[in-house]
Amino acid sequence: MPHVVTDSCTACRYTECVALCPVDCFHAAEDRLYIDPEACIDCAACVPVCPVKAIVDAFDLESRADELIALNRQRSRELPVIDSKTAALPTAEARRAALGY
Ligand code: F3S
(Lines give C-alpha, C1' and ligand atoms only; values in the text may rest on other atoms or scores of the structure.)
Protein backbone atom coordinates (compact mmCIF):
# COMPACT_ATOMS: atom_id res chain seq x y z
CA MET A 1 0.00 0.00 0.00
CA PRO A 2 1.20 3.54 -0.64
CA HIS A 3 1.94 6.13 1.97
CA VAL A 4 -0.62 8.90 2.46
CA VAL A 5 -0.67 12.39 3.92
CA THR A 6 -3.20 12.67 6.73
CA ASP A 7 -5.09 15.67 8.10
CA SER A 8 -2.26 16.42 10.54
CA CYS A 9 -0.56 18.23 7.65
CA THR A 10 -3.41 20.74 7.46
CA ALA A 11 -2.36 24.21 8.64
CA CYS A 12 1.25 22.99 8.97
CA ARG A 13 2.66 22.22 5.51
CA TYR A 14 6.23 22.05 6.72
CA THR A 15 7.33 20.53 3.36
CA GLU A 16 10.32 18.75 4.90
CA CYS A 17 8.97 15.68 3.13
CA VAL A 18 9.16 16.86 -0.47
CA ALA A 19 12.92 17.30 -0.57
CA LEU A 20 13.40 13.61 0.22
CA CYS A 21 10.94 12.15 -2.25
CA PRO A 22 12.80 10.40 -5.11
CA VAL A 23 9.75 10.30 -7.39
CA ASP A 24 8.18 13.75 -6.76
CA CYS A 25 4.84 12.30 -5.69
CA PHE A 26 3.73 15.22 -3.46
CA HIS A 27 1.06 17.66 -4.61
CA ALA A 28 0.37 20.97 -2.86
CA ALA A 29 -2.87 22.59 -1.80
CA GLU A 30 -2.81 25.93 -0.01
CA ASP A 31 -3.30 24.31 3.37
CA ARG A 32 -1.62 20.88 3.08
CA LEU A 33 -0.03 18.25 0.82
CA TYR A 34 -1.20 15.00 -0.71
CA ILE A 35 0.67 11.96 -2.08
CA ASP A 36 -0.12 10.51 -5.49
CA PRO A 37 -0.60 6.83 -4.62
CA GLU A 38 0.26 5.76 -8.16
CA ALA A 39 3.63 7.54 -8.04
CA CYS A 40 4.59 6.64 -4.44
CA ILE A 41 7.14 3.80 -4.33
CA ASP A 42 6.74 3.22 -0.58
CA CYS A 43 10.34 4.11 0.20
CA ALA A 44 9.17 5.84 3.44
CA ALA A 45 12.03 8.36 3.26
CA CYS A 46 9.57 11.17 4.04
CA VAL A 47 8.03 9.61 7.13
CA PRO A 48 10.62 10.44 9.82
CA VAL A 49 11.15 14.05 8.75
CA CYS A 50 7.58 15.27 9.22
CA PRO A 51 7.41 17.26 12.49
CA VAL A 52 3.77 16.27 13.05
CA LYS A 53 3.93 12.65 11.85
CA ALA A 54 1.42 13.39 9.11
CA ILE A 55 2.67 10.74 6.67
CA VAL A 56 1.70 7.16 7.31
CA ASP A 57 1.74 3.82 5.52
CA ALA A 58 -1.87 3.25 4.45
CA PHE A 59 -1.49 -0.34 5.61
CA ASP A 60 -1.38 0.96 9.21
CA LEU A 61 -4.65 2.88 8.82
CA GLU A 62 -6.72 -0.29 8.53
CA SER A 63 -10.37 0.78 8.02
CA ARG A 64 -9.45 4.32 6.86
CA ALA A 65 -6.90 3.20 4.27
CA ASP A 66 -9.20 3.13 1.24
CA GLU A 67 -10.73 6.50 2.14
CA LEU A 68 -7.39 8.26 2.55
CA ILE A 69 -5.81 6.68 -0.52
CA ALA A 70 -8.82 7.83 -2.57
CA LEU A 71 -8.60 11.35 -1.15
CA ASN A 72 -4.87 11.58 -1.83
CA ARG A 73 -5.39 10.23 -5.37
CA GLN A 74 -8.21 12.64 -6.15
CA ARG A 75 -6.48 15.74 -4.81
CA SER A 76 -3.15 14.81 -6.47
CA ARG A 77 -4.89 14.82 -9.84
CA GLU A 78 -6.19 18.34 -9.18
CA LEU A 79 -3.08 19.96 -7.69
CA PRO A 80 0.44 20.76 -8.90
CA VAL A 81 3.53 18.78 -7.95
CA ILE A 82 5.72 20.31 -5.27
CA ASP A 83 9.36 19.18 -5.39
CA SER A 84 11.20 21.64 -3.20
CA LYS A 85 10.83 22.89 0.35
CA THR A 86 8.93 26.09 1.05
CA ALA A 87 8.29 28.02 4.26
CA ALA A 88 5.87 26.38 6.69
CA LEU A 89 2.48 28.03 7.03
CA PRO A 90 2.17 30.83 9.63
CA THR A 91 -0.18 28.57 11.57
CA ALA A 92 2.25 25.65 11.65
CA GLU A 93 3.70 26.04 15.13
CA ALA A 94 0.30 26.52 16.76
CA ARG A 95 -1.09 23.51 14.90
CA ARG A 96 1.95 21.44 15.83
CA ALA A 97 1.43 22.29 19.50
CA ALA A 98 -2.27 21.47 19.26
CA LEU A 99 -1.35 18.07 17.82
CA GLY A 100 0.95 17.44 20.77
CA TYR A 101 4.35 17.62 18.98
FE1 F3S B 1 2.87 18.14 5.71
FE2 F3S B 1 4.64 16.98 7.26
FE3 F3S B 1 5.18 17.25 4.72
S4 F3S B 1 3.39 18.76 7.78
S5 F3S B 1 4.11 19.11 4.16
S6 F3S B 1 3.53 16.03 5.56
S7 F3S B 1 6.63 17.48 6.39
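The values are calculated or read from the model by the stated rules, or taken from the named source; none is laboratory data. Keep in mind it's a predicted model, so treat the numbers as computed, not measured. Note that we place each Cβ from the backbone using ideal geometry, even for glycine, and neighbour counts take in every protein chain shown. Heavy atoms of the whole protein, side chains included, go into the accessibility calculation; ligands, DNA and RNA do not. Shrake-Rupley method; radii C 1.70, N 1.55, O 1.52, S 1.80 Å.
Considering (1) modelled with pLDDT under 95; (2) of a type in the set (D, E, K, R); (3) in a loop (DSSP other than H, G, I, E, B), the lone condition that Arg64 does not fulfil carries the number (3). Give the number of residues within segment 76-101 that are within 18 Å of Ile41 (Cα to Cα) and either in contact with a Pro (Cβ under 7 Å, 6 or more places away or on another chain) or open to solvent by less than 70 Å² (accessible area, probe 1.4 Å) (or both). Residues flagged as within 18 Å of Ile41 (Cα to Cα) and either in contact with a Pro (Cβ under 7 Å, 6 or more places away or on another chain) or open to solvent by less than 70 Å² (accessible area, probe 1.4 Å) (or both) within segment 76-101 amount to 2.
For Pro48, the conditions (1) out of contact with any Pro (no Cβ under 6 Å at 6 or more places or on another chain); (2) open to solvent by less than 80 Å² (accessible area, probe 1.4 Å); (3) of a type outside the set (Val, Ile, Thr) are fulfilled apart from (2). Residues that are surrounded by fewer than 21 Cβ atoms within 10 Å (Cβ to Cβ) and within 19 Å of Pro90 (Cα to Cα) within segment 16-25 comprise just one, Glu16. Just to be sure, is Arg64 within 11 Å of the ligand (Cβ to nearest atom) and either surrounded by 12 or more Cβ atoms within 10 Å (Cβ to Cβ) or on the phi > 0 side of the Ramachandran plot (or both)? Criteria not met by Arg64. Summed over segment 1-28, the residues that are among the acidic types (Asp, Glu) and out of contact with any Cys (no Cβ under 8 Å at 6 or more places or on another chain) give a count of 2. Taking only segment 67-84 into account, find how many residues are assigned to a loop (DSSP other than H, G, I, E, B) and touching a helix residue (DSSP H, G or I) at 6+ places or on another chain (Cβ under 7 Å). So the count comes out to 3. Note on segment 51-61: among residues that are open to solvent by 100 Å² or more (accessible area, probe 1.4 Å) and in contact with a helix residue (DSSP H, G or I) (Cβ under 9 Å, 6 or more places away or on another chain), the one that is modelled with the lowest pLDDT is Phe59. Summed over segment 26-45, residues that are open to solvent by 50 Å² or more (accessible area, probe 1.4 Å) and hydrophobic (A, V, I, L, M, F, W, C) total 2.
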